[in-house]
1. Can you pull out every residue in the stretch 142-169 that is part of a loop (DSSP other than H, G, I, E, B) and either surrounded by fewer than 24 Cβ atoms within 10 Å (Cβ to Cβ) or not hydrophobic (A, V, I, L, M, F, W, C) (or both)?
2. Looking at (1) in contact with a Phe, Trp or Tyr (Cβ under 9 Å, 6 or more places away or on another chain); (2) over 17 Å from G64 (Cα atoms), can you tell me which one K184 breaks?
3. Within the stretch 115-129, count every residue that is touching a strand residue (DSSP E or B) at 6+ places or on another chain (Cβ under 9 Å), closer than 20 Å to V170 by Cβ and surrounded by fewer than 23 Cβ atoms within 10 Å (Cβ to Cβ).
4. Return the residues of the stretch 113-140 that are at pLDDT 95 or above, outside any helix (DSSP H, G or I) and within 13 Å of the chain's Cα centre (by Cα); say none if nothing qualifies.
5. Taking the residues in the stretch 65-100 that are part of a loop (DSSP other than H, G, I, E, B) and under 20 Å from W133 (Cβ atoms) as candidates, determine which candidate is nearest to the chain's Cα centre (by Cα).
6. Looking at (1) among the hydroxyl-bearing types (S, T, Y); (2) touching a residue at least 40 places away in the same chain (Cβ under 8 Å); (3) touching a Lys or Arg at 6+ places or on another chain (Cβ under 6 Å), can you tell me which one S143 breaks?
7. Taking the stretch 69-106 as the search range and keeping residues that are touching a residue at least 40 places away in the same chain (Cβ under 8 Å) and of a type in the set (D, E, K, R), which one is surrounded by the most Cβ atoms within 10 Å (Cβ to Cβ)?
8. Given the conditions (1) more than 16 Å from I141 (Cα to Cα); (2) buried (at least 21 other Cβ atoms within 10 Å of the Cβ); (3) not basic (K, R), and given that G43 satisfies all but one, which numbered condition is not satisfied?
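The values are calculated or read from the model by the stated rules, or taken from the named source; none is laboratory data. This one's a predicted model, so the numbers in the text were calculated from it and none came from an experiment. FYI the Cβ positions are ideal-geometry reconstructions off the backbone, even for glycines, and counts take in every protein chain you see.
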Amino acid sequence: MTRPSWQRIPQSLWRWLQSKRSLWTQLAWGILGLILALVLVSGLRGLEALSYRDDPTDGVFVLGGSIRREIYSAQYARSHPQIPILISTGSLPPCIYLIFERDNAPMDRVWLENCAYSTFYNFFYSLPILERWQVHHVELITSASHLPRAIWMARISLGLHGIWVDANIVPEIGVPGNQESRLKTLLDVTRTGLWAVLSQIYAPSCDQIIQLSEVDLDHWATKGFHCEHQGQVDWQP
């Protein structure tokens, strides 16, 4: 007795799935192979970072969150004018400019990245820039209140791309913007690890990068800006 067509549909679907089983199997093995390859590459680059541990510093990475970090960066730039500095979403650009100008610190090797809006995205957007600079030993400028989350994230995100990271802690007055918790640290370190592997094949771009020397104070004056009191900078057009 011939079955109605509505009863034959599941059988047809099952036969179709059976015929495609080898294709799905190959796809699954391909994805697994890609993941293992990325993990292997990340591990090898992590070992590469270890080899640069004793090399001299050739780059500085500043995490935003306190204007005292930019004050410290200006002092660093004055004593190490040859080392490039990247400040990720710090104080307003004119405030950083005025701090460097006041301290007679060179600005031509200082860059501002203003796409990031959290510590995770500090590394997300700044890693490709540091890689373009071909740096291998970076000093991470941040505050004690931002540790250990910041240094763990740095050594995972940058370390698995062949960049060794040392922490350079800035003394603070008051409480910086970065506040820590165990849950926040766990979540950020976990997604940083996942991103460190995926970023072996994908590099995001930021369209808000500017050299500090190119900051236009007159333009900012028309918009109006206010600098954190601890910066002790003021400007009149």
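1. Of the stretch 142-169, the ones part of a loop (DSSP other than H, G, I, E, B) are 147-148, 158, 162-163.
Selection gives L147, P148, G162.
2. Status for K184: all satisfied but (1).
3. Of the residues in the stretch 115-129, 1 are touching a strand residue (DSSP E or B) at 6+ places or on another chain (Cβ under 9 Å), closer than 20 Å to V170 by Cβ and surrounded by fewer than 23 Cβ atoms within 10 Å (Cβ to Cβ).
4. Result: E113, N114, C115, A116, V138, L140.
5. Going through the stretch 65-100, the residues part of a loop (DSSP other than H, G, I, E, B) turn out to be 65-66, 80-84, 89-92.
Now drop any that are not under 20 Å from W133 (Cβ atoms), which leaves 80-84, 89-90.
Working: H80: 23, P81: 23, Q82: 22, I83: 19, P84: 16, T89: 10, G90: 13 Å.
Across the stretch 65-100, the extreme among qualifying residues is T89.
6. (3)
7. Selected residue: E70.
8. Unmet for G43, out of (1) more than 16 Å from I141 (Cα to Cα); (2) buried (at least 21 other Cβ atoms within 10 Å of the Cβ); (3) not basic (K, R): (2).
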